[in-house]
Structures are given as structure tokens and as C-alpha cells.
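Peer 1: This is the structure I have questions about; it appears just below.
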Amino acid sequence: MNLNLQGQSVAVIGCARGIGRAIAEGFAAEGCNVRGFDREKTADFITTGDVTNLEAVKSFAADMGTVDHVVFCVGIGSGKFGFPFWNLEPSDWSRVLEVNLIGAVNVAHAFAPKLIESGAGSMLFLVSVAGQMGSQTDPPYSASKAALINFTQCAAKDLGPHNVRVNALAPGMVKTELNQSIWAAGQKKLPEEQRVSFDDWAAEKIKKVSHLGRWQMPEEYAAMATFLASDHAKNITGQTINIDGGQVMHA
């Protein structure tokens with residue numbers, strides 16, 4: 001399938017590694033001009049900055065000139081195991097919400113005028129299946145992603161009349177550093193004799209939550225992200241698309 005994305009300009013926010021990096025590389029493989037924004041500079045195409053700093057995000061957007069597509073791939077957890085929720089303190093929520101939700105809002109504010117001016121294009125937010133099912137593993141993370149799903153719909157309604165599409169892409173179980181941090185936080189709650197390796201924990205969790213029984217890979221999200229940016233998806237907006245091995249199913 002020819003996506004016809006050659007020469008288009010793409011901003012990928014949160015692309016130093018993991019899914020964001022795979023998405024940036026996926027757009028580059030389609031012949032796009034890709035610019036990245038992240039706290040870490042792991043590649044020459046990345047500008048360093050913090051998504052919670054609105055002026056830094058606006059400066060990055062201004063430096064890009066014309067923009068056709070924007071992808072927000074940022075996500076952090078509380079670093080604690082959240083079941084039951086009172087294992088966490090209310091103060092554990094602030095940074096997670098600031099990065100995962102307000103960071104996305106900052107990006108939307110910075111890039112929406114450019115997309116409106118171009119009269120076309122797309123915006124994509126990486127969310128999570130956790131935001132659709134009240135995951136108890138990390139309530140601040142789950143709630144922040146649920147809020148971002150809702151904001152995706154709001155932004156899709158606002159930008160639709162300008163021919164700009166806005167969607168959310170929800171990962172399930174992906175081998176990234178974030179999943180390893182969830183495992184590590186959970187292990188700290190267990191007695192020494194009950195702790196297990198990451199590989200054993202992950203294998204057992206996959207059996208429980210994924211009907212297909214396998215990990216999802218970063219490259220799968222890159223394939224969907226590029227498709228959603230293409231004209232093949234010109235009537236897809238306001239949607240949350242799960243790539244999760246069947247982890248979340250809505251009756």
C-alpha cells in the first residue's frame with residue numbers, strides 16, 4: 001500500500017526510544033521529514049525539551065515551519081505499584097498528570113494553529129488500554145490516559161471543520177522501559193521469596209491479559225501511525241484504536 005506521505009513534515013514528541021522512536025523511524029521510512037522532541041537527545045533529529053514547558057514546545061513548533069502531522073508519544077508512570085490506590089499518596093499524581101495530560105495539551109496548543117493554517121493533516125496521541133479499563137496497576141497513569149482519550153475527542157471535534165483529524169492509539173503489552181518499571185515497582189511489594197524475573201512476570205501476565213498470548217511490538221504502532229496520517233484514513237477521526245492482542249474488548 002502506497003501511503004503517499006513522501007515529503008510531508010512530521011513532529012514526533014517523545015521519540016528518544018521505544019514506541020515513539022519506532023514511529024519516528026516509520027515516518028522517515030515513508031519519506032517524511034521528521035523532527036523529534038524529547039528530554040533525551042538520542043539522535044540528531046531530536047530537539048531536547050520538556051513537554052510540560054509550554055514555551056519550549058511552542059519554540060519547537062515555530063522552528064519546524066510547516067507541519068503536516070503531529071504525534072505525541074510521551075508517557076510516564078508514578079513509579080509505584082498502585083493496588084490498592086491508597087498505596088500511593090495524592091502527591092504521586094501531580095507529575096504523571098502534568099506530563100501525560102498537560103504535556104499533550106501543550107503540544108496541541110502549539111501545533112493546532114499550524115495544522116489549521118495548512119488546512120489538512122493529523123494529530124495522534126499515544127494513550128493506553130489502561131485508560132479504558134481502570135487499571136489498578138498505576139491509577140495516576142490510568143487516569144491520565146483516560147483523560148487524554150477524552151481530550152482526543154474534544155480536539156477532533158474542534159479541528160474537524162479545518163480538515164484536521166485527531167486520533168488516539170492505545171498500546172497493550174509492549175516490551176518497553178515503562179513495562180519494566182511496572183514490574184520493578186510490583187516486585188518491591190513482595191517478600192524476597194515471591195519475587196520473579198521480568199521475563200517470568202511478563203510471560204505470566206501475557207497469558208492472563210492477551211487473548212492472542214503474545215507481546216505487541218513497537219513497529220506495529222509505527223505502521224498504524226503512518227496509516228492514520230495517510231489519505232487512506234481520511235474519514236477516521238476521534239477514534240481510539242487498540243493494538244493490544246485483544247486485551248480490551250468492548251461488547
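Conditions tested, residue by residue: (1) without any contact (Cβ under 8 Å) to a residue 60 or more places away in the chain; (2) out of contact with any strand residue (DSSP E or B) (no Cβ under 8 Å at 6 or more places or on another chain); (3) not in a helix (DSSP H, G or I).
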{"residue": "GLN187", "(1), (2), (3)": "yes, yes, no"}
{"residue": "GLU193", "(1), (2), (3)": "yes, yes, no"}
{"residue": "VAL196", "(1), (2), (3)": "yes, yes, yes"}
{"residue": "ALA202", "(1), (2), (3)": "yes, yes, no"}
{"residue": "LYS207", "(1), (2), (3)": "yes, yes, no"}
{"residue": "ALA222", "(1), (2), (3)": "no, yes, no"}
{"residue": "ALA225", "(1), (2), (3)": "no, no, no"}
{"residue": "ILE236", "(1), (2), (3)": "no, no, yes"}
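Peer 1: Give the residue that is surrounded by the fewest Cβ atoms within 10 Å (Cβ to Cβ), with candidates limited to residues of the stretch 139-159 that are more than 25 Å from GLU89 (Cβ to Cβ) and among the charged types (D, E, K, R).
Peer 2: LYS157
Peer 1: Could I ask something else about it? Taking the stretch 1-52 as the search range and keeping residues that are basic (Lys, Arg) and in a loop (DSSP other than H, G, I, E, B), which one is surrounded by the most Cβ atoms within 10 Å (Cβ to Cβ)?
Peer 2: Top of the filtered list is ARG17.
Peer 1: Cβ-Cβ distance below 8 Å, separation of 6 or more or different chains: which pairs start in the stretch 64-79 with a residue that is outside any loop (DSSP other than H, G, I, E, B) and end on one that is among the polar types (S, T, N, Q) and surrounded by fewer than 24 Cβ atoms within 10 Å (Cβ to Cβ)?
Peer 2: MET64/SER9; HIS69/GLN8; HIS69/SER9
Peer 1: Now for a separate question. Provide a single number: the residues in the stretch 206-251 that are modelled with pLDDT of 90 or more and aromatic (Phe, Trp, Tyr).
Peer 2: 2
Peer 1: Read through the list (1) within 15 Å of the chain's Cα centre (by Cα); (2) surrounded by 15 or more Cβ atoms within 10 Å (Cβ to Cβ); (3) not polar (S, T, N, Q), then give the number of the only condition that TRP215 fails.
Peer 2: It is condition (1) that TRP215 fails.
Peer 1: As an exercise: evaluate GLY246 against (1) in contact (Cβ under 8 Å) with a residue 60 or more places away in the chain; (2) assigned to a loop (DSSP other than H, G, I, E, B); (3) surrounded by fewer than 18 Cβ atoms within 10 Å (Cβ to Cβ) and give the number of the one condition it does not meet.
Peer 2: So GLY246 meets the others, but not (1).
Peer 1: Are there helices (runs of 4 or more DSSP H) fully within the stretch 97-172 with at least 1 residues that are more than 30 Å from LYS207 (Cα to Cα) and free of Cβ contacts under 8 Å to residues at least 24 places away in the same chain? List them.
Peer 2: Correct list: 103-118, 139-159.
Peer 1: Applying the selection to the stretch 160-212, what residues are surrounded by 12 or more Cβ atoms within 10 Å (Cβ to Cβ) and of a type in the set (D, E, K, R)?
Peer 2: Residues satisfying the conditions are ARG165, LYS175, LYS189, ARG195, LYS205.
The values are calculated or read from the model by the stated rules, or taken from the named source; none is laboratory data. Treat the numbers as computed from the prediction; the structure is a model and nothing was measured. Glycine gets a Cβ as well: all are built from the backbone with ideal geometry, and neighbour counts include every protein chain shown.
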